[in-house]
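**Student:** Sharing a structure with you now.
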Amino acid sequence: MRIQGRALAAGLAAAMIGSVGLAAFAAGPEQPAGEGPRYTADGRLEFPADYRDWVYLSTGMDMAYVEGSSNPDMHMLDNVFVGRGAYAAFQKTGTWPDRTMFVLEARRAVQKGSINKRGHFQAERMATEVHVKDTTRFKDTGGWGFFGFGGSETAAPKMPAQVACYACHEAHGAVDTTFVQFYPTLLPLAQAKKTLSAGYLKDEAGR
């Protein structure tokens with residue numbers, strides 16, 4: 001009886017493990033517990049102060065998505081970071097899990113300093129923006145929200161009527177409304193996983 005009981009218990013345990021494994025496989029990769037956006041009681045996003053410990057994706061210099069005048073004496077470098085759990089999930093699926101967070105850190109690019117003779121290096125931070133995937137909170141904007149932090153610890157989401165971020169990302173983002181086309185370590189993976197958006201492929205065909 002004891003042997004039979006043990007065998008039955010082992011069988012039940014194996015079945016439970018199998019069912020959990022199937023459920024996890026069906027749901028796809030998720031971020032580690034605790035990673036993702038945190039909000040105040042009135043819906044403001046808390047600034048992710050540890051973002052520089054996240055995965056670094058890319059840096060762009062003086063990038064602009066529309067034609068227009070620019071100040072030749074002012075240069076900017078934009079650094080992009082994403083949460084480690086979201087990055088790991090992207091490696092498996094070619095797209096972003098819910099609660100993904102990006103941080104774009106804009107820093108002044110300077111030439112004169114120390115022993116530098118040519119080129120630019122990064123100086124003080126000028127602005128910080130956060131892009132959040134939260135399909136429950138941002139149902140009306142494709143599941144994504146934009147936040148601008150001007151030195152404050154919390155920020156309210158930017159409204160689509162006030163900024164062009166939403167429409168631009170929706171129309172031109174390579175993967176899930178994000179600019180993966182500018183992330184050299186991720187674009188080949190998205191190409192292999194065939195997760196590139198129709199808008200991005202259209203832009204590339206007409207380029």
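**Student:** Quick one: which residue in Ala156, Ala109 is among the small types (Gly, Ala, Ser), touching a strand residue (DSSP E or B) at 6+ places or on another chain (Cβ under 8 Å) and over 29 Å from Ala190 (Cβ atoms)?
**Tutor:** Exactly one of Ala156, Ala109 is among the small types (Gly, Ala, Ser), touching a strand residue (DSSP E or B) at 6+ places or on another chain (Cβ under 8 Å) and over 29 Å from Ala190 (Cβ atoms), namely Ala156.
**Student:** While we're on this one: Looking at the stretch 54-92 only, could you name the residues that are of a type in the set (Ser, Thr, Tyr) and either loosely packed, with under 14 Cβ neighbours inside 10 Å or over 16 Å from Thr195 (Cβ atoms) (or both)?
**Tutor:** Tyr56, Ser58, Thr59, Tyr65, Ser69, Ser70
**Student:** Same structure again: For the stretch 171-190, what are the residues that are within 13 Å of Leu201 (Cα to Cα) and assigned to a helix (DSSP H, G or I)?
**Tutor:** Residues satisfying the conditions are Ala171, His172, Val180, Gln181, Leu187, Ala190.
**Student:** Continuing with this model, one more query. Report whether or not Tyr200 is more than 21 Å from Gly83 (Cα to Cα) and open to solvent by less than 70 Å² (accessible area, probe 1.4 Å).
**Tutor:** The answer is yes for Tyr200.
**Student:** Now for a different question. Is it the case that Pro184 is touching a residue at least 40 places away in the same chain (Cβ under 8 Å) and crowded, with 18+ Cβ neighbours inside 10 Å?
**Tutor:** Judged against the criteria, Pro184 is not a match.
**Student:** I need every pair where a residue in the stretch 164-176 that is in contact (Cβ under 8 Å) with a residue 12 or more places away in the chain and at negative phi has its Cβ under 6 Å from the Cβ of a residue that is open to solvent by less than 70 Å² (accessible area, probe 1.4 Å) and among the aliphatic types (A, V, I, L, M), sequence separation at least 6 or different chains.
**Tutor:** Matching pairs, first to second residue: Ala174/Val180; Ala174/Leu196; Val175/Ala190.
**Student:** Still on this structure, please answer the following. From (1) surrounded by 15 or more Cβ atoms within 10 Å (Cβ to Cβ); (2) under 20 Å from Gly150 (Cβ atoms); (3) at pLDDT below 95, pick out the condition that doesn't hold for Pro48.
**Tutor:** Just one mismatch for Pro48, condition (3).
**Student:** Going through Phe149, Phe138, Phe102 one at a time, which residue ends up being more than 30 Å from Ala198 (Cα to Cα), of a type in the set (Phe, Trp, Tyr) and open to solvent by less than 50 Å² (accessible area, probe 1.4 Å)?
**Tutor:** Answer to the selection: Phe149.
**Student:** One residue is enough: does the stretch 106-129 have a residue meeting the conditions of a type outside the set (S, T, N, Q), open to solvent by less than 70 Å² (accessible area, probe 1.4 Å) and at pLDDT 95 or above?
**Tutor:** Scanning the stretch 106-129, I find no residue that is of a type outside the set (S, T, N, Q), open to solvent by less than 70 Å² (accessible area, probe 1.4 Å) and at pLDDT 95 or above, so the answer is no.
**Student:** Of the conditions (1) modelled with pLDDT of 95 or more; (2) among the aliphatic types (A, V, I, L, M); (3) assigned to a helix (DSSP H, G or I), Met16 satisfies every one except a single condition; which number is it?
**Tutor:** (1)
**Student:** To continue, here is another question. Just a yes or no: is a residue in the stretch 157-177 buried (at least 18 other Cβ atoms within 10 Å of the Cβ), out of contact with any Leu (no Cβ under 7 Å at 6 or more places or on another chain), within 17 Å of Glu105 (Cα to Cα) and among the small types (Gly, Ala, Ser)?
**Tutor:** No, there is no match, as no residue in the stretch 157-177 is buried (at least 18 other Cβ atoms within 10 Å of the Cβ), out of contact with any Leu (no Cβ under 7 Å at 6 or more places or on another chain), within 17 Å of Glu105 (Cα to Cα) and among the small types (Gly, Ala, Ser).
The values are calculated or read from the model by the stated rules, or taken from the named source; none is laboratory data. Computed from a predicted model, the values in this text were never measured in an experiment. So basically every Cβ, Gly included, is an ideal-geometry build from the backbone, and we count neighbours across all protein chains shown. Accessible surface is based on the protein model in full, side chains and every heavy atom, while ligands, DNA and RNA are left aside. Shrake-Rupley method; radii C 1.70, N 1.55, O 1.52, S 1.80 Å.
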